[in-house]
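Note sheet for the following structure.
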Amino acid sequence: MSHLNPTTQKIYHASVNACLAPLVSVDGKHVITVEGIGNVKRPHPAQERVAKGNGSQCGFCTPGIVMSLYALLRNSEGKDLTEEEVEEAFDGNLCRCTGYKPILDAARTFVGETNKKTLKGCGRAGGCCMEEKMSEPAAGGCCKSDGPKTGGGCCMESKPKTSSGCCMGNGEKPAGGCCMDKLKVDGDRDIKKFTPPGFIEYNHDTELIFPPALKKHEFRPLMFGNKRKKWFRPVTLDQLLEIKAAYPDAKVIGGSTETQIEIKFKALQYPVSVYVGDIAELRQYKFHDSHLEIGANISLTDLEHICLDAVKHYGEAKSQVFKAIYKQLKYFAGRQIRNVGTPAGNLVTASPISDLN
Ligand code: FES
């Protein structure tokens, strides 16, 4: 679920559990599902690598695995992924039958290469003429415009062709070996762990854009439902207080990670629910001289980043508590829960098995 995060004012691609997220929480957000990123004929690199890396057996967990990886890739634009980040991205995913090694191995093929724009596969002198850096096409013109491919084929294609066609297609190995063997990442490092049969290049520039209309989306108070069940979505603290005054028993819902469990497994009923995740006032933070002020409803993922920023802001000597919270959050639930769960929700829930406090 991609959205303009009111805490950071940046687009954040949040992996979330669809079974827990209330419908009201997706207003103004860009919802991307595993069906939306690719299909069998044209898979997204995350889908292709999990499949080719034997990261899927029964496939029950695979959509979640793929979307966790997808969210990680989207959020890492402009920086190289580390192995730790890849492992952490799956801390909310369970797999019964494949085992985690093939899944992690497939995901690790993205380590160090998400910031890479093009493959250096066509072997044109001077590099690829499709790269923005190059002002002029290489000698002989660009292989994308003149039709015939030269040398090792066009590096912009996911399956580069040799002059006699791709050896993956006709089974022959042309002189000089298979062009798929020539795939290199920047810095001429070989792709880690797997090499053949070659993967679709991951390129941030070809990802779905965040819909411009949603950048300007105006969050307004919402109410819907029927006699049996009502939902409110206030967007200011005053509106929330008014609703609570009118419906004192209304259930206040932030990430909904506990409430949905209560509804589904404990059969609790909440005739009036108030979704408070879109109240921007409750999702701010501020560094004061003597303390850090945190909005009750910032996401736990944002709290992780705020703790790291606080260490920088207040200095190592004064930051033991921030480091401790950060460390605790690392082992707290999974990324999908931390993306929507909040400090206030956790305090109010007072769960004996997941008490952040
Ligand atoms: Fe069966 Fe993961 S592939 S649960």
Output the number of the condition that Ala296 fails; it satisfies all remaining conditions of (1) touching a Lys or Arg at 6+ places or on another chain (Cβ under 7 Å); (2) not in a helix (DSSP H, G or I).
(1)
Qualifying residues in region 62-71 (those that are surrounded by 20 or more Cβ atoms within 10 Å (Cβ to Cβ) and of a type outside the set (Gly, Ala, Ser)) - the one farthest from the ligand (Cβ to nearest atom)
Tyr70
Report the residue count in region 279-308 for those that are touching a Ser or Thr at 6+ places or on another chain (Cβ under 8 Å), closer than 23 Å to Arg335 by Cβ and acidic (Asp, Glu).
1
Is it the case that His217 is out of contact with any His (no Cβ under 6 Å at 6 or more places or on another chain), assigned to a loop (DSSP other than H, G, I, E, B) and in contact (Cβ under 8 Å) with a residue 60 or more places away in the chain?
yes
Answer from Arg74, Arg49, Arg96 - the residue that is of a type in the set (D, E, K, R), crowded, with 20+ Cβ neighbours inside 10 Å and within 16 Å of the ligand (Cβ to nearest atom):
Arg49
In region 311-333, the residues that are surrounded by 11 or more Cβ atoms within 10 Å (Cβ to Cβ), part of a loop (DSSP other than H, G, I, E, B) and aromatic (Phe, Trp, Tyr)
Phe332
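Residue by residue, here is whether (1) free of Cβ contacts under 8 Å to residues at least 24 places away in the same chain; (2) over 12 Å from the mean Cα position of the chain (by Cα) holds:
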residue	(1), (2)
Pro6	no, yes
Tyr12	no, no
Ser15	no, no
Leu20	no, yes
Lys29	no, yes
Glu35	yes, yes
Val40	yes, yes
Filter region 5-20 down to the residues that are of a type in the set (Gly, Ala, Ser) and either in contact with a Leu (Cβ under 9 Å, 6 or more places away or on another chain) or modelled with pLDDT under 95 (or both) and list them by number.
Ser15, Ala18
Of all residues in region 20-46, how many are away from the ligand (no atom under 16 Å from the Cβ) and in a helix (DSSP H, G or I)?
8
Filtering region 235-281 down to residues that are exposed (fewer than 15 other Cβ atoms within 10 Å of the Cβ), among the basic types (Lys, Arg) and outside any loop (DSSP other than H, G, I, E, B) yields Lys264
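The values are calculated or read from the model by the stated rules, or taken from the named source; none is laboratory data. In this text, all values refer to a predicted model and were calculated from it rather than measured experimentally. Positions of Cβ are backbone-derived with ideal geometry, glycine not excepted, and every protein chain shown enters the neighbour counts.
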